[in-house]
């Protein structure tokens, strides 16, 4: 499970969610088009920007990144917009960094991607 | 043994501190969006960007001495992460990195002060004092702070073990964070941290943490690796120092830990 903050929240504002389809379009000489879907369904992607985290919250996220080995691992993620749980998600990048500007002033960004199942 | 020096305050770094971990995953993606992934744990990299301001002549001399001794990025040294708990498996005292005295009983799944069940109950049924400790490969001469949450149904005491220093602290039925900090006159290349229990004592413990500084920061959970990096190097062959007055130096540097080097 993706770690939650001490408030119980997963994300902070500004929160970003992306819906991704994959459509192929073939355009013919007469200008008409034929479109078809490459992927069977939409995929979700969440950009989680977090600020003013304390060291414990950062450590939990860091531990989560290490245990997942970056993009390799998979986990379930609950969309904070509608409460839907997506059972097969991964981190979107092989890097995880944070900046500590002072005590309880940590800042980081994570991307969570839904995997095709 | 080369190691990154502490400032005169006992701290290893100043704010802001930036740390980045990088993994390597080989991904084969099909046209339909399905993915086959392969992890490459040996390629993991951790790097830190550290900024130092208002360093004294002595602090700068220690940093320069290390930089010259390791010849820039050539030779590795031990780096103690200023933003991490130095102990591995901080919530799993049953792991092999923890050395428990014979007959010391450990029971996991106990309610912890954070609302979870990651605490351990430790009992000493013998007639001798027994220890639960972990040794790290870091110089014993540095400033360290050991902290642990502890409670007991009876009023008793727990010994905090910080290298050759032991310190008894009283506990009761309420979770209390105990700390033991200081510097030892010890030139060993390793140091142990843990607790010791008097004969017959039963204590609940949680969140054991060691840090290379003089006071405890918020508890940070760790798994198989703690914040000790014995294979760290300077990222660059150049170290630039800015001096704005007598004994007022500043510099920025990058440290990288690469497991496969």
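Quick look at the values:
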read-out	value
Chain A shape via C-alpha gyration tensor axes, a/c threshold 1.5	prolate
Neighbour-count order for A:55, B:252, A:63, fewest beta carbons within 10 angstrom listed first	B:252, A:63, A:55
Global form of region B:99-211, assessed from the alpha-carbon gyration tensor, a/c cut-off 1.5	prolate
Ranked list, fewest to most other Cβ atoms within 10 Å of each Cβ, for B:1, A:11, B:114	B:1, B:114, A:11
Global geometry of the protein assembly as shown, whether rounded, prolate or oblate, following the gyration tensor of its Cα atoms and the 1.5 cut on a/c	oblate
Whole-Å distance, taken between Cα centres, linking region A:26-62 and region B:189-250	38 Å
Stokes-Einstein D for chain B, Kirkwood Rh over Cα pairs, 37 °C, 0.692 mPa s (µm²/s)	163 µm²/s
Calculated FRET value between residue B:35 and residue A:109, using beta carbons and R₀ = 22 Å, to 0.05	0.50
Square roots of 5 times each gyration tensor eigenvalue, C-alpha, region B:59-150, largest first, Å	36, 16, 12
Shielding score for A:61-73, defined as the mean number of other chain Cβ atoms within 10 Å	6
Theoretical ellipticity at 222 nm over chain B - DSSP helices of four or more residues, -39500 (n - 2.57) apiece, nearest 500	-1500 deg cm²/dmol
Acute angle (nearest 10 degrees) that the helix B:57-69 long axis makes with the longest principal axis of chain B, alpha-carbon atoms	80 degrees
Least to most buried among B:129, B:18 (fewest other Cβ within 10 Å first)	B:129, B:18
On Cα atoms only, tilt of A:55-68 relative to the major axis of chain A in degrees	50 degrees
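No value in this document is a laboratory result; all are computed from the given coordinates. Quick caveat, the model's predicted, so the values are computed rather than measured. Ideal geometry is used to build each Cβ from the backbone, glycine not excepted, and the neighbour counts take in all protein chains shown.
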